[in-house]
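Single-structure report; data block below.
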Amino acid sequence: PEETVTSSFASFIHAVRPEHLSKTVRHRSKRMILDNIGVGLVGSTTHVFDIALRYCRLYSSLAVSSVYGKPGLKLSPTLAAFTNGVATHSMDFDDTWHPATHPSGAVLPALLAASQMLPPSTKPNGMDFLLAFNVGLEVQGRLMHFSTEAHDIPKRFHPPSVVGTMGSAAATAKLLSLSTAQCAHALGIAASLAGAPMANAATQAKPLHIGNATRLGFEAALLAARGMEANPLILDDIPGCSGFSAFYGIYQPKPLSTPSDHHEFLLEKQDIAFKRFPAHLGMHWVVDAALSVRNLFINYAGSFSPSLIRTIVLKIPVSKYINRPFPSSEHQARHSFQFNACAALLDGEVGLGSFTESSIHRQELRELLDKVVVEHPEDNVANFDKMYGEVALLLHSGDVLTGKCDTFYGHWRKPLSKESLLKKFRSNASHVLPEEKIETIITMVDNLENLSDSSQL
């Protein structure tokens, strides 16, 4: 039969081998795995995680897979994946790629749960796990590159709910050693389970997008393994009959070549962004710009004195769901250019404590928010590879102080150092794990290629 885009993806998933992972890809993906575990662990302390966990505990069959931050508690594999996915995105603290999505959280929880599900005789080793993780990333990246719409901050569908579900299906299909035909059906089934609207951003429902992506992709692979079939052209652009193209207005798919002696993964060419504080990625530009102008202000006035400020001008891209002048909840605050700029100006940092109810509703912060004016320069586009953040303080004296950030620390153009990444992981994990277990995880992920049984993670 003539090769289709869908069959080429299925062939790739089935045929790719550990030796196709370069040293760079292994290094970068292990950083992602470690960061994502830490984010999931600290996320297990949140209210939205507790809601998801209480729901999942209604079901107790085949309770073999572990839950972040809950020693001794196990759930059925798909519900463990769902719960851990919710934890991962509960603070919006997880990694971000370009085009825009959160790739790790949609894949890693499914692989962790699946590893524990498999019988002892078929446990995947660490290299199998690492390969499956990268298959999940690759499928997400390739699908996003088929649409120019996907390159900008989204307006309709939350990307991980779309490409993340497909990535989870691909990764789990690889870990379960599905046939080429089963891999194609897993992608087709996953497409029927994908998609969540952007309107639920900045609400408790948004973490469900990651939870559902990792769970439903996992379920798609399990259904395909048991004989369920789906449209074998789901990724192809068929006029008059939308498949995966339903999620994007502009969709131009291309076949994915089957790896022979070499395959260059997208992660080789496009590194990941790690967040330094738990908020939407766009916030990291305005926070670094705010911290920069705050230092100028202190040098100017001797200390940070809000009474000297007449107006705070934010120059940001047009993106409605993260333009929130007066957020009233932690989830709205994590998606507010205005809040994050003002919190950085007032406190000299943004961290976990910035999003507590008492911090959000401080009178001095509200007074700063009242002074904010937003501008949208034409050259500041809503694209994580091109945007910038600028914060200008117009003082009562007539002086103007300005801070600008083109590339924040943690962006793929300015990656976190190993020391910074480990500091973040240790800080996150310390909320639920003792020091010796934290160090064990670090060592295990660092030596993942040599792990004989990936379920030990």
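Considering the conditions (1) free of Cβ contacts under 8 Å to residues at least 40 places away in the same chain; (2) surrounded by fewer than 24 Cβ atoms within 10 Å (Cβ to Cβ), P325 is excluded by exactly one of them, (1). Scanning the stretch 202-214 for residues that are over 16 Å from A132 (Cβ atoms) and either surrounded by 24 or more Cβ atoms within 10 Å (Cβ to Cβ) or out of contact with any Pro (no Cβ under 9 Å at 6 or more places or on another chain) (or both) gives T203, Q204, A205, K206, P207, L208, H209, I210, G211, N212.
Among the candidates H361, H335, the residue that is more than 16 Å from A290 (Cβ to Cβ) and crowded, with 23+ Cβ neighbours inside 10 Å is uniquely H335.
For the stretch 391-433, the tally of residues that are open to solvent by 30 Å² or more (accessible area, probe 1.4 Å), assigned to a strand (DSSP E or B) and not basic (K, R) stands at 3. Across the stretch 267-307, the number of residues qualifying as touching a residue at least 12 places away in the same chain (Cβ under 8 Å), open to solvent by 30 Å² or more (accessible area, probe 1.4 Å) and among the hydrophobic types (A, V, I, L, M, F, W, C) comes to 3. When I51 is tested against (1) at pLDDT below 90; (2) assigned to a loop (DSSP other than H, G, I, E, B), exactly one condition is not met: (2).
In the set R324, R310, R294, only one residue is more than 30 Å from H185 (Cβ to Cβ), among the basic types (K, R), outside the structural domain of M32 (by the TED database) and part of a helix (DSSP H, G or I); that residue is R294.
Can you spot a residue in the stretch 47-54 that is in contact with a strand residue (DSSP E or B) (Cβ under 9 Å, 6 or more places away or on another chain) and in contact (Cβ under 8 Å) with a residue 12 or more places away in the chain? Within the stretch 47-54, one or more residues are in contact with a strand residue (DSSP E or B) (Cβ under 9 Å, 6 or more places away or on another chain) and in contact (Cβ under 8 Å) with a residue 12 or more places away in the chain. The single condition among (1) touching a helix residue (DSSP H, G or I) at 6+ places or on another chain (Cβ under 7 Å); (2) touching a residue at least 60 places away in the same chain (Cβ under 8 Å); (3) crowded, with 22+ Cβ neighbours inside 10 Å that D92 does not meet is (1).
For the stretch 229-266, the candidate set comprises residues that are farther than 17 Å from V135 by Cα and assigned to a helix (DSSP H, G or I); within that set, the residue that is most open to solvent (accessible area, probe 1.4 Å) is A246. What number of residues in the stretch 149-169 are of a type in the set (A, V, I, L, M), more than 8 Å from A221 (Cβ to Cβ) and in contact with a helix residue (DSSP H, G or I) (Cβ under 7 Å, 6 or more places away or on another chain)? Residues that pass the stated criteria total 4.
Taken over the stretch 338-353, the residue count meeting the criterion of being touching a residue at least 12 places away in the same chain (Cβ under 8 Å) and open to solvent by 10 Å² or more (accessible area, probe 1.4 Å) is 6.
The values are calculated or read from the model by the stated rules, or taken from the named source; none is laboratory data. Note that the coordinates shown come from a computational prediction; the quantities given were computed from them, not determined experimentally. Virtual Cβ from ideal backbone geometry, glycine too; neighbours counted across all protein chains shown. Ligands, DNA and RNA are excluded from the accessible area calculation, which covers all protein heavy atoms including side chains. Shrake-Rupley method; radii C 1.70, N 1.55, O 1.52, S 1.80 Å.
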